[in-house]
Amino acid sequence: MKHRPALALLPFLTLLPALAFANPATIADCSYPDDAAARAAWLPMRGSAPAVAANVAGRAAVRLPCNFAGSTIERASWDRKVTLDLAGCRGIQFDVFCPNAAPISQFSVYFQSGEGWYSASFHPEATNAWCTVAVNKASTRTEGKPAGWSRISTIRISAWRGRNEDTALCLSNLRKTGVVGVDASVAIIRAESVARGRSGEARAADQFAEAVAEGFESFGIECAAISDLDVTAAQLRAAKLVVLPHNPALPDSAADAVLDYLNAGGKLMVFYSLPPKLRSAVKIETGNHVKAEGRFSAIRFNKDALPGAPLLVGQHSWNITQAKPADGSGRVLAEWLDDKGQPVGEPAIIATPNCIHMTHVLLDDDLANKRRMLLAMAGSLAPDLWRQSVAGSVAKIGQVGGCKSFDEAAALITKQAAKNRRAKSALAEARALRDGALKLEKAGRFGDAMDKAAAAARRTMEAFCIAQQPLKGEFRAFWCHSAFGVTGMEWDEAIQRLAKAGFTAILPNMLWGGVAFYDSKTLPVAPDVAEKGDQIAKCLAACKKYGVQIHVWKVNWNTGHRVSKEFLDKMRTEGRLQMNSKGKEEPWLCPSHPENQKLEVAAMVEVARDYDVDGIHFDYIRYPGGDHCFCPGCRERFAKAIGAEIKNWPKDAQGDGPLRQQWLEWRRSNITAVVQATSEQARAVKPKIKISAAVFRNWVTDRDGVGQDWKLWCDRGWLDFVCPMDYTESDRQFDGWIGLQKEWAGKVPVYPGIGVSASRSRLPADRTIGQIEITRHHDTGGFTIFNYGVSECRELLPMLGLGITSKR
C-alpha cells in the first residue's frame, strides 16, 4: 500500500514484549543489544537501508538511515510488526535526533489497523540535538477501513525525499500521553466508525474532535482520545467528563459504554448529534434537522445561566439539530441569534443534571469566547476542571513567540520593542494583569482569575505583536475560499480591513471546474449570482477602492460542491469525468480530454479579458492522486500518444509496469498543456497580468504523484509567482520546505502558503508571525495566508496589523 504524506500530528506506539518498564506510560526505549536486533524489529521497505542500534548523545536509540544520494527512492521507510492496543490514550511523545533534516521534505508515521491506516507527519524542531515530538490521535488521517486503535498491527516510519543527500533519524523513549485516570481527566470519543460507512463525514468528525481537544488543552486540561470502535465502560470509569464532539452514528457498543458511565454517575457533554440510546438517560429530547444559511450566527446565554461563560459567542452555523429538555428536568442555557442579532426561537445549549448539549458542532470562529464557553460548560458538570484550568491558564501567560514563561516573554518583547513605547506600555499592563490573576487564583476566585489571566495573555500577545517590524515592498496576501468573502460582511468591508492591516493582495476563489460565481459566458453560473451579484465585480471594485491587488483563484478540474446536476450529467455522458483504476468515477474533469483542456483555459482567459484584475491563480492544477485518471478516454489517448497498443490496462501503467514512466510523463503533459496555454493566451489579452499557482510543496514526488510539474512551469516562465501550500505547525519543517522550493522555482518568486486555518494546521498570531519571519529569512519577498474567514478577519488580521504588516 502506497501512502502520500499527510500533514498532521499523531500518536506513536510500539511494543517490546521481552522488556518491562517501571513507568506504565513507557512504550519502548528503543534500546537494542546489537544491529541484528534493531534490524529484526524495524524492517526496511524496498530500497531503504537497514536499521542500526545506536547510542546518540548518551541515549539508546534506533538509527534509521535516510540514504537519498545516488538513489531514486521517493522515501525511506521501515515497518515494525506489532500487536498493540492504543485505544485508551490521547497520543504519545517520543524523542528524535536528526543530524540534518534538510534532505527530508517531511517525516510520516503510519499505523495499520485491519484494512486501513492512520497516518500523520512530524518534523524535528532541532538540528543535531535531541528534541521531543508530541503527537495525538485526534489529528490523524484515516485511509481505507481501519479496525480501530485497539488493533494496530504495523507501525511504519517514512522519510520523504527532499534533496539528493543522505541523513538519518534516530528514535528513542516512546511513551503514552493522555490516558484517562493517569494524566487525562476528560475522555473524547472520536467518531472513527464514520470512516467505514460515511466517509464524507470522517474528516469533519476528526476536525471537530480536535477542536474540542485543543480547547481543553488551551486551559491545561489533558484529554484522552478514544475511538468509538474501541471504547469500553472500564476506560471511561475514571473520567471526570466524557465528550461526544461530533458522532453522527455512534455504534451500539460505544453507546452502551457511555450509558454505563452515565448510570454510574458520570457526566456527558454532547455536540450536535445526541445518540438515541442516550436521550432518556440525559433527559433531552431531539427534533428535526434545521438548515438555514445566516439564521444561526451567534449564541446568547441567558443571564447568570452558566457561570463563567461569555454572554455572547460568535458561531456561524449552517444547521442545527433541534433539542429541548425532557419533562422539565433541565433548562435552556443559551439561544441562537440570526445574522441581525435577533433570536430565532431555537435552543443553542441545554443542560440537565448529567449532561450539557450544544445543538451544533464547536466551530473555530470567535475562538477565545468559544473556548471560554467550552470551559464553562465543562465546569458546570465537573467543577474540579475550573481549578485545573486556572492553574494552566496562569502558567501559559507569556507563552508567545516560542517563550516558555512570562519572564522569558517579557525579556524578548523588551528587546524587540527597542524604542517602541506602545509595546513597552502593553507589556507593563500585561504584567499587572498577571499579578492580579495570581492573587485571584490564591483567593479561590477561579472565574475572576480566568478572566484576568485571559486578559493578561491577550495583552502579552498584543505587546509581542506591537513589537514586530514590518518590511516594505512585501507581497502580503490571503486566499479566500468563499466567493462571497467573509461571512457576515460585504467585500467592501473585508477588503478595507485587509488594506488597513497592511495586506496588499487577495486571492478569492471565484470559479471551479464546473461553476462560476460571476457573469461567465464559459462556465455555468451559480444560482446565487442572480441574487447576490457578480462576485468578481464586487471584489474588484473594493480592491480598486482600497489599493489591494486581486488575483482571481480558480479551482481547476474539480467541478466543485456547487456544480449543477445538469453539468455533471453532461460531462458524464460525454466521457469527460475522471475514473480511478477500478473504474470509480471522480467528479473532476479528465485532464487528457481536449474539450476539458479548452474549457479550463477559456474560463481563466475569460476572467483576464473581461475584468481588470491583477492576476489569475491556478489551484488543483493536478490530478486527485496517483490513481487517476484511468477512464476509457485516457486509455485511448495515451495509446495514441505513445503509438502502441496497451495490452494490460491499467496494469501496464501502474507500479512496475512497462509503460509506467511514459504514463507519468503523459499525465504531466496534460496538466502542463493547460498551464502553458492559459499563460500565453492570458498574456496576449492582458500583457501585464500576473499568472500564479497554488502548488503541492514537494515537487520531487508530486510531479509523479499528482502530475504537477511546477518547477518546469517556473523554468519556462509560465508563472510569475508560485505559492506552495506549506501548511504545517512545525517552523523547522516550514523553513526546510522553503529552502527547497526556492531552488526549484529559480528566478520565479515563491510566496509560501501559511496554514493559519488549513485542515492540517492552526496557527495563532505569534506562530503566524514566526512563519512570516521565516519567509523573510529566505528573502521570498512575500507570503500567502490560508484562509480569509471570520476569525482571521476579526481576530488575526488586527494583531498582524499592529506590527509585522503595519504601514508604519
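The residue list Ala432, Ile73, Ala209 was ranked by how far each Cα lies along the charge dipole of the chain toward its positive end, using unit charges on Cβ atoms, and Ala432 comes out on top.
Given a 1.4 Å probe and the protein chains as shown, Arg497 ends up with an accessible area of around 80 Å².
Summary value for the chain: 9 percent relative contact order, contacts being C-alpha pairs under 8 angstrom separated by 6+ residues.
When peptides 674-684, 321-331, 94-104 are sorted by average Cβ neighbour count within 10 Å, with the highest value leading, the order is 94-104, 674-684, 321-331.
Local charge sum around Lys807 (other residues, Cβ-Cβ under 12 Å, Lys/Arg +1, Asp/Glu -1)?
+3
Stretched out straight at 0.36 nm per residue, the stretch from Lys747 to Thr83 would grow longer than its current Cα-Cα span by 234.0 nm. Positive end of the dipole of the chain, charges at C-beta (+1 Lys, Arg; -1 Asp, Glu), about the Cα centre: which of Thr805, Ala443, Val674 has its Cα farthest in that direction? In the chain, that residue is Thr805. Using θ = phi - 60° in the Karplus curve 6.51 cos²θ - 1.76 cosθ + 1.60, the 3J(HN,Hα) couplings for the range 678-687 round to 5, 4, 5, 6, 5, 5, 5, 8, 8, x Hz; x is entered for Gly and Pro.
Of the peptides 67-75, 273-281, the ranking by mean beta-carbon count within 10 Å, highest at the top, reads 273-281, 67-75. Under a model in which nothing but the beta-carbon of Lys, Arg (+1) and Asp, Glu (-1) is charged, the range 344-424 shows a dipole of about 680 debye around its Cα centre.
Heavy atoms only, probe 1.4 angstrom, no DNA, RNA or ligands counted: give me Asp656, Asp435 ranked by accessible area, highest first. Working shown, then result.
Details: Asp656 130, Asp435 70 Å².
Sorted descending by solvent-accessible area, the residues read Asp656, Asp435.
What separates the Cα centres of the range 107-167 and the range 396-436 is a distance of 36 Å.
Within the straight-line cut-off of under 19 Å between alpha carbons, the aspartates and glutamates reachable from Lys277 are Glu192, Asp228, Asp230, Asp252, Asp256, Asp260, Glu285, Asp327, sequence neighbours fewer than 8 places apart in one chain being disregarded. Evaluating 6.51 cos²θ - 1.76 cosθ + 1.60 at θ = phi - 60° for every residue in the range 302-310, the Karplus couplings come out as 5, 4, 6, 6, 9, x, x, 8, x Hz, glycine and proline recorded as x. Note on His481: accessible area approximately 70 square angstrom, rounded to 10, probe 1.4 Å, nucleic acids and ligands left out. By the compact-protein rule of thumb, 2.2 N^0.38 Å, the alpha-carbon radius of gyration of the range 447-491 corresponds to a ratio of 1.82.
Normalised Debye scattering of the range 570-720 at q = 0.12, 0.18 Å⁻¹ gives log10 I(q)/I(0) of -0.52, -1.07, counting only Cα atoms as equal scatterers and leaving out solvent.
Using the scaling law 2.2 N^0.38 Å as the reference, what is the normalised Cα Rg of the range 102-208? Provide the component values of the computation, followed by the final result.
Working: Rg = 15.9 Å, N = 107, 2.2 N^0.38 = 13.0 Å.
Dividing the Cα radius of gyration by 2.2 N^0.38 Å gives 1.22.
About the centre of its Cα atoms, the range 187-260 shows a dipole size close to 60 debye [charges on the beta carbon of Lys, Arg (+1) and Asp, Glu (-1) only; nearest 20 debye].
Spacing of the modelled spin labels on Ala428 and Asp35, each 7 Å from Cα toward Cβ, amounts to 6.5 nm.
Let me test this: with uniform point scatterers at the alpha carbons of the range 638-735, what is the Debye-based log₁₀ I(q)/I(0) at q = 0.22 1/Å? With no solvent term, the Cα-only Debye profile gives -1.08. Using C-alpha pairs below 8 Å separated by at least 6 residues, the relative contact order for the range 270-423 is 21 percent.
Taking the Cα centre of the range 240-380 as origin, sum charge times position over the Cβ atoms of Lys and Arg (+1) and Asp and Glu (-1), and report the length of that vector in debye to the nearest 20. List each step's numbers first, then the result.
Working: 15 positive and 14 negative charges, 60 e Å.
Dipole size: approximately 280 debye.
Across the range 753-808, the volume of the C-alpha convex hull divided among the residues equals 81 Å³ per residue. In the chain, taking the dipole from charged Cβ atoms about the Cα centre, the farthest positive-side position among Thr701, Ile350, Val748 is held by Val748.
Between the entries [x] 0.96; [y] 1.20; [z] 1.26, the label attached to Cα Rg over 2.2 N^0.38 Å calculated for this structure is [x]. With Cα atoms as the point set, the range 696-761 shows a radius of gyration and Dmax of 11.7, 32 Å.
Would you work out the relative contact order for the range 588-705, in percent, from Cα pairs under 8 angstrom that are 6 or more residues apart? The partial results should precede the final answer.
Details: 99 pairs, mean separation 50.0, N = 118.
Worked out over the range 588-705, it gives 42 percent.
Helical runs (DSSP H, four residues minimum) scored at -39500 (n - 2.57) apiece and divided by the length of the chain put the mean residue ellipticity at 222 nm at -10500 deg cm²/dmol.
The values are calculated or read from the model by the stated rules, or taken from the named source; none is laboratory data. Quick caveat, the model's predicted, so the values are computed rather than measured. Every residue, glycine among them, receives a Cβ derived from its backbone with ideal geometry; neighbour counts consider all protein chains shown. Keep in mind that these areas ignore ligands, DNA and RNA; they rest on the heavy atoms of the full protein, side chains included. Shrake-Rupley method; radii C 1.70, N 1.55, O 1.52, S 1.80 Å.
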